Structures are given as C-alpha cells and as structure tokens.
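The values are calculated or read from the model by the stated rules, or taken from the named source; none is laboratory data. Computed from a predicted structure; not experimentally measured. So basically every Cβ, Gly included, is an ideal-geometry build from the backbone, and we count neighbours across all protein chains shown.
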Amino acid sequence: MRAMPPKTSCPVTLSQFLAKAEPMKVTINGQDMLAEVKQFSTGSFGWYMNAKLALTIDGKMVSVQIGMNMPLVGSKDADRGEAVAGAPAAPTASTEE
C-alpha cells in the first residue's frame, strides 16, 4: 500500500490573503481579464474569474464561456487569522470549486 503524500500547508492566513491579495491579470488569446480575490464556500481562498470571450474559428465568430478557480493549495485548512479592520469581506459562492 502506498503512503499518502503529506498535505501542503498554506503559508498565509485567510485574513492576510484578504488584506493583501489583489486581482490577478489573466491573458487568454491576447485579451486581458481580471480574476478577483475570493473566499470560496468550501473555505478555501484564491482567485475566481467568470467571463465570456469572442473568438474567430474559420472566419466565424464564436463565444466561449470561461470559468476559472485558482485556490491557494492548502487554503481550505489554513489558519483563518485575525479579522483585519477595514478589509472588505470577500463574497462567497456555493457552486465554485
């Protein structure tokens, strides 16, 4: 039987992340978009983006739906930290991740 690898711990607390993380620029097919800072309903935290993008295939315009979750590895079990005064609460969603 194989041993399970050890869990990766997240080096930042939730409060540190919410206070210091910034939206992340994501470029897809040359188009810049922003992934927003988010605390997921699962308890993990990271960045989230939901957008539509128009592309051309064989001269025809098509629309694609983009859904991107980028949780920090180990953030679900990370220390919540102390509440940060003045830090905006990140919205939660029930269907992500």
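A few remarks follow.
- Close pairs from region 57-68: first closer than 18 Å to Met33 by Cβ, partner surrounded by 10 or more Cβ atoms within 10 Å (Cβ to Cβ) and of a type in the set (Phe, Trp, Tyr), Cβ under 9 Å, at least 6 apart: Gly67/Tyr48; Met68/Trp47; Met68/Tyr48
- For region 1-48, a residue qualifies if it is of a type in the set (Gly, Ala, Ser) and touching a strand residue (DSSP E or B) at 6+ places or on another chain (Cβ under 7 Å), and the qualifying residues are Ala21, Ala35, Ser44, Gly46.
- Every residue from region 6-33 that is surrounded by fewer than 13 Cβ atoms within 10 Å (Cβ to Cβ) and either among the β-branched types (Val, Ile, Thr) or outside any loop (DSSP other than H, G, I, E, B) (or both): Thr8, Lys20, Lys25, Thr27, Gln31, Asp32
Rundown of residues vs (1) at pLDDT below 95; (2) under 20 Å from the mean Cα position of the chain (by Cα); (3) under 30 Å from Arg80 (Cβ atoms); (4) of a type outside the set (A, V, I, L, M), yes/no style:
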site	(1), (2), (3), (4)
Arg2	yes, no, no, yes
Phe17	no, yes, yes, yes
Met24	no, yes, yes, no
Leu34	no, yes, yes, no
Phe45	no, yes, yes, yes
Tyr48	no, yes, yes, yes
Lys60	no, no, no, yes
Gln65	no, yes, no, yes
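- Verdict on Asp58 being surrounded by fewer than 10 Cβ atoms within 10 Å (Cβ to Cβ), in contact with a strand residue (DSSP E or B) (Cβ under 7 Å, 6 or more places away or on another chain) and either charged (D, E, K, R) or at positive phi (or both): no
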